[in-house]
1. In the list Ser199, Ser192, Ser216, Ser167, which residue meets the criterion of being among the polar types (S, T, N, Q) and not assigned by TED's automatic domain parsing to the domain that holds Val237?
2. Got a sec? Which helices (runs of 4 or more DSSP H) wholly within the stretch 354-400 have at least 3 residues that are of a type in the set (Ser, Thr, Tyr)?
3. Just for the stretch 337-382: of the residues that are of a type in the set (S, T, N, Q) and closer than 27 Å to Gly217 by Cβ, which one is surrounded by the fewest Cβ atoms within 10 Å (Cβ to Cβ)?
4. With the requirement that a residue be within 22 Å of the chain's Cα centre (by Cα) and either over 15 Å from Trp71 (Cα atoms) or in a loop (DSSP other than H, G, I, E, B) (or both), what does the stretch 130-143 give you?
5. Quick one: Asp144 ticks every box in (1) crowded, with 20+ Cβ neighbours inside 10 Å; (2) touching an Asp or Glu at 6+ places or on another chain (Cβ under 8 Å); (3) of a type in the set (D, E, K, R) except a single one, so which number is it?
6. From the list Val381, Val354, Val371, pick out the single residue that is in contact with a Leu (Cβ under 7 Å, 6 or more places away or on another chain), among the β-branched types (Val, Ile, Thr) and free of Cβ contacts under 8 Å to residues at least 40 places away in the same chain.
7. In the stretch 278-318, what count of residues is obtained for those that are touching a Gly at 6+ places or on another chain (Cβ under 8 Å), modelled with pLDDT of 85 or more and not hydrophobic (A, V, I, L, M, F, W, C)?
8. Considering each residue of the stretch 171-181, count those that are assigned to a loop (DSSP other than H, G, I, E, B) and surrounded by fewer than 20 Cβ atoms within 10 Å (Cβ to Cβ), and give that number.
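The values are calculated or read from the model by the stated rules, or taken from the named source; none is laboratory data. All of these numbers come straight from a predicted model, not from anything done at the bench. Positions of Cβ are generated from backbone atoms using ideal geometry, with glycine treated the same way; all protein chains shown enter the neighbour counts.
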Amino acid sequence: MPKSPGRRTRKDPRRAPRRTTSQLDPDDLRHNVAVLRAVDAAEARGDAAAALDLMTAPVKGPSDRVFWRPWRTRHLSQMVTLGPILPRWATSRWIVGQALQCLDASSRNRGLRALEVAIETRGGPGTLRGVDEADARCKVIDHDWVYRQVHLYELGGLDHYVRRVASPDLVVGADRMHDWARTPMGGFRLVSETGRTASWARLDTGEEIEALNLGSGLLLDVGECAIGRLVPISDGVMFESAPLPVPEIVAEQVASDPGGWIDAVKRGCRQFRGTDAELMTSGLHDFALLTDVPEVLWRALARGVVGLPQSGAGSQGSTDLRHDAARLVRVALDLIDEGSFLVDQLPCVAAALVEPGVSDHLLGSLGPGDVSALTRLSEAVTAPASDICLWMARDLRQSA
C-alpha cells in the first residue's frame, strides 16, 4: 500500500491546459482534438495515470479559460492516488462519467436528444441560465440531473459505452456494471441514516433497503422522498449518483410507473415551480466520483456557515479547497471523541477526506495525539474515507 494518499507528485492539470476562446489555427485545433481523443482512449482502457499525464501538457492556441473540466481531473487524481483502496464501485462510477463524455457519432446524437428532453422537462429554454446560449446549454450538459439520466439510461449511453467502447479489463474491474446499465428508476422515502448507511423505503412495495451512504440523503429530512437508481454492488446496494429530491406525489408516480418518470418530473416541475417544494433538476448536482455531497455544502459546513465551530487548520480566510477540507476534518476529529458530531454531517467529512491532496495538507497540523480520533473517525465514515483516516493514523504513529 502506498505511504499515504496524494504522495505521487505531478503537475496540477487544473492549472496547465486552457480552453481557447479565440479563433484557433487549424493545426492547433487538430492537435487539441488529438490530445482529447488520446485522453478519452486512456480512460477507456482504464489507465488513469496516462490520462492525467496527457492532461498536464498545455493545449495550443490562445488561452483564457480552463480547458479540462475540473471534476474530470479531480476524478482522475482520485483514481491514481487512491487506487489501492478504492472499492470497485468507484470504477463503475468512473465508467459512468466516461460514458457521458464519449465523443463517437452515436453518443453525440444521444447527447443532443438528451439535451432537448432535459430542457423541455425543466420548463423550456426560458428556464436556462448562462452568459450566452452556448454557456447555458453547457450548464445543462454538465449539471442537469435529467440530462444525465436520459443520456445514460433511457437512450442507452451507458450500455453502449460498456459494450462497445470501454476495454474488457476496465469493465471487469468495475462493480456489476452491466446490471447498473439495466437498473430502472425508482421512488424512495428516506427512513434513517448512519455515517455509513442510509435506509430507504421503496414506495412501490414498502420494502426497506439499507444502502451505502455517500450523502445521498443529505438534501432530505427523514420521511421525505427522492427518485433515483438503486444499483447493486458487491456488498449491497447504492445509488448510482445522488437521487433527486422530489415531492411525495412525484416519487409515488415514478414508483408506480418507472418508465414514465420523465413525464412525472415534467409535471412536478410545472406544478411546484415557485414553491418550497420546487424541483431542482439542475444547480446542486456535482456527480462526483466518491461522494454524493455537493461541494458547496461540505465547504459551507467547513466554514462554519451551518453550525460547526471554526478550526485553526488551514488559513481562516482562504478560499482554497484543500484548506476548507482540512478545516472540516480537523473539526470532526475534535468532536468525534465527544460524540457530538451529527450523523448527517459525516458524509460531508468523508467528502472532504477524499479530495486530492487533503491528507498531506492535513498531516502537518496533526500529531500522535490525533491517532485515536482518526481511528474512531475511520469507523464512522464510508470507504475510501475510512482508509484515508487509517493511512494518516499509521503515518503519525510511524513519525512519533
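1. Working: Ser199 fails: not assigned by TED's automatic domain parsing to the domain that holds Val237; Ser192 fails: not assigned by TED's automatic domain parsing to the domain that holds Val237; Ser216 fails: not assigned by TED's automatic domain parsing to the domain that holds Val237.
Matching residue, one of Ser199, Ser192, Ser216, Ser167: Ser167.
2. Values: elements: 358-363, 371-378, 385-399.
By residue number, 371-378.
3. Within the stretch 337-382, the subset of a type in the set (S, T, N, Q) is 340, 345, 359, 365, 372, 375, 378, 382.
If we keep only those that are closer than 27 Å to Gly217 by Cβ as well, we get 340, 345, 359, 375, 378, 382.
Values: Ser340: 8, Gln345: 22, Ser359: 26, Thr375: 15, Ser378: 20, Thr382: 25.
Only one residue tops the list, namely Ser340.
4. Asp135, Ala136, Arg137, Val140, listed by residue number.
5. Looking at each condition in turn, Asp144 falls short on (2).
6. Numbers: Val381 fails: free of Cβ contacts under 8 Å to residues at least 40 places away in the same chain; Val354 fails: free of Cβ contacts under 8 Å to residues at least 40 places away in the same chain.
Selected residue: Val371, the only one of Val381, Val354, Val371 that is in contact with a Leu (Cβ under 7 Å, 6 or more places away or on another chain), among the β-branched types (Val, Ile, Thr) and free of Cβ contacts under 8 Å to residues at least 40 places away in the same chain.
7. Applying the first criterion (touching a Gly at 6+ places or on another chain (Cβ under 8 Å)) to the stretch 278-318 yields 279, 287, 289, 291-293, 301, 310.
Going one step further and asking which of them are modelled with pLDDT of 85 or more, we end up with 279, 287, 289, 291-293, 301.
If we keep only those that are not hydrophobic (A, V, I, L, M, F, W, C) too, we end up with 291-292.
Of the residues in the stretch 278-318, 2 are touching a Gly at 6+ places or on another chain (Cβ under 8 Å), modelled with pLDDT of 85 or more and not hydrophobic (A, V, I, L, M, F, W, C).
8. The first filter runs over the stretch 171-181 and keeps only residues assigned to a loop (DSSP other than H, G, I, E, B), leaving 173-176.
Next cut, surrounded by fewer than 20 Cβ atoms within 10 Å (Cβ to Cβ) only: 173, 176.
The qualifying residues number 2.
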